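These notes are about the structure you will find just below.
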Amino acid sequence: MAVNGVDASETDFVEMKARCQLIFDADPSQCHTDASLRRFLRAFLTVDDAFKALLKCNKWRRNFGVDTLSPEDPDILSELATGKAIMLSHRDVRGRPIIYIAVRKHSVYERDIDKLTKFIVYILENGCRKCNEDVIDNLCIVFDLKDFSMGCMDYQFVKNLIWLLSKYYPERLGVCLIVNAPMLFYGCWTAIKPWLNEVTASKVTFVNDEKTMMEYLHPDMLPQD
């Protein structure tokens, strides 16, 4: 059995792969890489729970139409136009792809949560495709809270993102950087933090100065608009 966030034993991995291989052989569209199997084991701890979670993930991907998402989709196109979430061309110091979220460009009063969820799945898929699983297989997500207001604070979106990362993109979050956080946000964080398990919460870092930022990425990488 794995400890949450720690690699599973080779015995567990071999058993997990043997179980999955029967499904992958019958339906190649459900296939996962070895790195993906190890992520499920790290996140769900036992072979039984990891196997069940992987099956649920495959069912969700099929029902949600994950493999058909494209920038030509009107829902995704409209969200892309806002610039609220983008993939940066640079990587962080560990080589992780960076998803940058400009919170000030989001309005909780104007969004459609279903369209927004589709958009964030599209962004996560792009990020995962940029991962080199032989080197590093997780993401750096940056929330830029410059000009933050309560009109930007979307608790339902945060819940959806946590759900997606925990159930369908396990162990894909390498680090989550919160930059330019005003005092107003710390009350929001008090509400959000209990939704995270201990391992995920440990990956969230508040960046308040350039020295801390340099431990993860160069400040010039972040958009200034």
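Assorted remarks:
- Among Y100, Y155, Y122, the largest mean-square fluctuation in a Gaussian network model of the chain, built with springs joining Cα atoms closer than 10 Å, belongs to Y155.
- Degrees, to the nearest 10: 47-64 long Cα axis against longest axis of the chain: 60
- Candidate lysines - alpha carbon under 29 Å from K211, same-chain residues fewer than 8 apart omitted: K84, K105, K130, K146, K193, K203
- Amide N proximity, the range 102-127 versus K146 label position 7 Å along Cα-to-Cβ, cut-off under 16 Å: 102-106
- Applied to the range 36-46, the Karplus parametrisation 6.51 cos²θ - 1.76 cosθ + 1.60 on θ = phi - 60° returns per-residue 3J(HN,Hα) values of 5, 4, 5, 5, 5, 5, 4, 6, 10, 6, 10 Hz, with x for Gly and Pro.
- Per-residue ellipticity at 222 nm, computed for the chain from helices alone with -39500 (n - 2.57) per DSSP H run of at least four residues, works out to -14000 deg cm²/dmol.
- Net length available on complete extension from I23 to T82 is 17.2 nm, with 0.36 nm assigned per residue and the Cα-Cα distance removed.
- For the range 198-209, Karplus couplings with θ = phi - 60° (6.51, -1.76, 1.60), whole Hz, Gly/Pro x: 4, 5, 5, 4, 5, 8, 8, 10, 8, 9, 10, 8
- Here's the list of lysines a cross-link from K59 could span, going by alpha-carbon distance under 19 Å and ignoring same-chain residues fewer than 8 apart: K17, K118, K167.
- Taking the longest Cα principal axis of the chain as reference, the axis of helix 155-167 is set at about 30 degrees.
- Percent of beta bridges antiparallel (DSSP, the range 92-196, rounded to nearest 5): 10
- Most mobile listed residue (D67, D75, D144) in the chain, GNM with C-alpha springs under 10 Å: D67
- The angle between the Cα long axis of helix 10-26 and the longest principal axis of the Cα atoms of the chain comes to about 80 degrees, rounded to the nearest 10.
- With the simple model of a label 7 Å out from the Cα in the direction of the Cβ, T68 to K56 spans 2.5 nm.
- Overall size of the chain from C-alpha positions, given as principal axis extents largest first: 51, 39, 32 Å.
- In order along the range 65-82, phi translates into HN-Hα couplings of x, 4, 6, 9, 5, 8, x, 7, 4, x, 5, 6, 4, 5, 6, 4, 5, 6 Hz, rounded to whole numbers, per the Karplus curve 6.51 cos²θ - 1.76 cosθ + 1.60 with θ = phi - 60° and x for Gly and Pro.
- Note that the range 94-206 presents 45 Å² accessible area per residue, ligands and nucleic acids not counted, probe 1.4 Å.
- Pair K130, W163: separation of 7 Å Cα→Cβ label points (nm): 2.6
- Cα-projected label distance for V108 with V199, points at 7 Å along beta-carbon direction, nm: 3.0
- Candidates K118, K130, K159: whichever shows maximal mean-square fluctuation once the chain is modelled as a Gaussian network with Cα springs under 10 Å: K159
The values are calculated or read from the model by the stated rules, or taken from the named source; none is laboratory data. None of the values given here were measured: they were computed from a predicted structure. Cβ atoms come from the backbone with ideal geometry, glycine included; neighbour counts cover every protein chain shown. Remember, those area values only see protein heavy atoms, side chains included, never the ligands or the DNA or RNA. Shrake-Rupley method; radii C 1.70, N 1.55, O 1.52, S 1.80 Å.
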